[in-house]
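Data block below; observations after.
The values are calculated or read from the model by the stated rules, or taken from the named source; none is laboratory data. The structure presented is a predicted model; accordingly, all values stated were derived computationally and were not measured. Neighbour counts run over all protein chains shown; Cβ positions are idealised from the backbone, glycine included. Protein only, heavy atoms only, side chains kept; ligands, DNA and RNA dropped before computing areas. Shrake-Rupley method; radii C 1.70, N 1.55, O 1.52, S 1.80 Å.
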Amino acid sequence: MAEQIKAAKALSGPKDDAKLTETVLGLLRQVQKGGNAAVRELSNRFDGFDRDDYRLSQAEIDQCVNSLTAQERADLDFAQDQIRNFAQAQRESMLDIEVETLPGVVLGHRNIPIQNVGCYVPGGKYPLLASAHMTVLTAKVAGCDRVITCAPPFKGKIAEKIVAAQALAGADEIYCLGGVQAIAAMAYGTETIAPVDMLAGPGNPYVAEAKRLLFGKVGIDLFAGPTETLVIADDSVDGELVATDLLGQAEHGPNSPAVLITNSRKLAQDTLSEIERLLTLLPTRDIAAKAWEDCGEIILCDSLAEMVAEADRVASEHVQVMTADPDYFLNNMKNYGALFLGARTNVAFGDKVIGTNHTLPTDKAARYTGGLWVGKFLKTCTYQRITSDEASALIGQYGSRLCLMEGFVGHAEQANIRVRRYGRENVGYGMAAAPRSS
């Protein structure tokens, strides 16, 4: 039976979701009604950033790209190559199909790119330029016609590295705009910003709530909350490695869960000791220590099967597997955003450079969805074609009877008229044969 070596604290009181929702709704309505003027007022209020036009000019974009050092440009190019290559392989795996299911009955589907996509790149606390690769590049590989981006200013100025990453990824329009006002401007449109069909990218709780409230008016990639990490480890690794991987993600924020599942009591104790030591050295220790204190867990299990069961219960965004047989977890786990198999890889590789997408499900959403990938930017749309009279009459006879079983007389007549026109025997397929509704 699983044992809690360290439990997360029960956070005091429920989250005030109603107040957050009310605040975000008010901001969305303000932009919906006020357009550019509302966007400018909110950007001034929240970011202290004022412009007549928040779209960056080509000269400003070029300046951001040219500000990169040679090494920074090479590093960005390398990361984007990895992400593009994997997204391209994913796209090539998604085939259009056409199949003759019965003689004369042809069914198919096409994978159609979403036309207009808005990508949000957070940059208030950290300039998360990697989010530009993950959203813009993936959408462009999918074939989306127009991909626009919004990122907030960083310390009151245009976030040059984020802009450079967006431009190199292929963004068609780049805006220095953050928060709910950016999400609302992309979804509703303004006098100068054409609306999008889908929103993608992570953000703070206000951005996440704005996307949730706008879902339906536009599509969204997924609901993303605070970063989560789960390490699954046995005595094939040591406490320093485990502690490093836990704290490396805990620095995202004070509400970022970091969990260890292990079958080794010694590793559990060693990890606790190493966390204490590393927190004296880590520059981001104030954030990481709070996250570990409030949201950190260590769970001791008796068997690999129990470790899998606990991991599926946690359903973490990131799962780092460092065991003698990591493939056991690959083959048996069901609920996770992304797996990082073996001690040679880690979550930071996935966040920044290795090629898989880092926009992943949180808050147990891994039970029902995977992360952002090229398929999220495609619509799989079906079509049908009947190529012979015999096939039309055959499907029509079945269709008519099935429609009448549900009481849809008009539906049945759509089938009946095909039977009468294309079938050799048309007796009994007409409006007179359909039962009248009471």
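Evaluate the Kirkwood expression for the hydrodynamic radius of the chain, namely the inverse of the mean inverse distance over all pairs of different C-alpha atoms, and round to one decimal in Å. Working shown, then result.
Details: mean 1/r = 0.0405 Å⁻¹.
With all distinct Cα pairs of the chain included, I get 24.7 Å.
Using R0 = 51 Å, the C-beta based FRET efficiency linking A7 and Q115 works out to 0.60. Roughly how far apart, in whole Å, are the Cα centres of segment 216-246 and segment 31-85? Using only Cα atoms, the two centres lie 28 Å from each other.
Partners of K376 within straight-line reach, counting aspartates and glutamates whose Cα lies under 17 Å from its Cα and excluding those fewer than 8 residues away in the same chain: E92, D96, D145, D197, D221.
Compute the acute angle (0 to 90°) between the alpha-carbon long axis of helix 160-169 and the principal axis of greatest extent of the alpha-carbon atoms of the chain; round to the nearest 10°. Helix 160-169 and the main axis of the chain meet at about 30 degrees.
Accessible surface calculations at 1.4 Å, restricted to protein heavy atoms, place segment 178-328 at 37 Å² per residue.
Taken along the Cα-to-beta-carbon direction at a fixed 7 Å, the label points for A89 and M405 span 4.5 nm. Each residue was assigned an accessible area with a 1.4 Å probe, and for I287 the value is about 50 Å². Candidates I232, Q181, L372 compared by Cα position along the dipole of the chain: farthest toward the positive end lies Q181, with charges placed on Cβ. Ordered from largest to smallest accessible area (heavy atoms of protein chains, 1.4 Å probe), the residues C176, C381 come out as C381, C176. Can you list the lysines whose alpha carbon is less than 17 Å from that of K9, not counting same-chain residues fewer than 8 positions off? Of all the lysines, those that pass the test against K9 - Cα under 17 Å, at least 8 places apart if same chain - are K290.
Rounded to the nearest 0.05, what FRET efficiency do T284 and A59 give with R0 = 30 Å and r taken as the Cβ-Cβ distance? Could you check?
Once rounded, the FRET efficiency stands at 0.25.
Short-range pairs are left out: with C-alpha atoms under 8 Å and at least six residues apart, the relative contact order of segment 333-411 is 23 percent.
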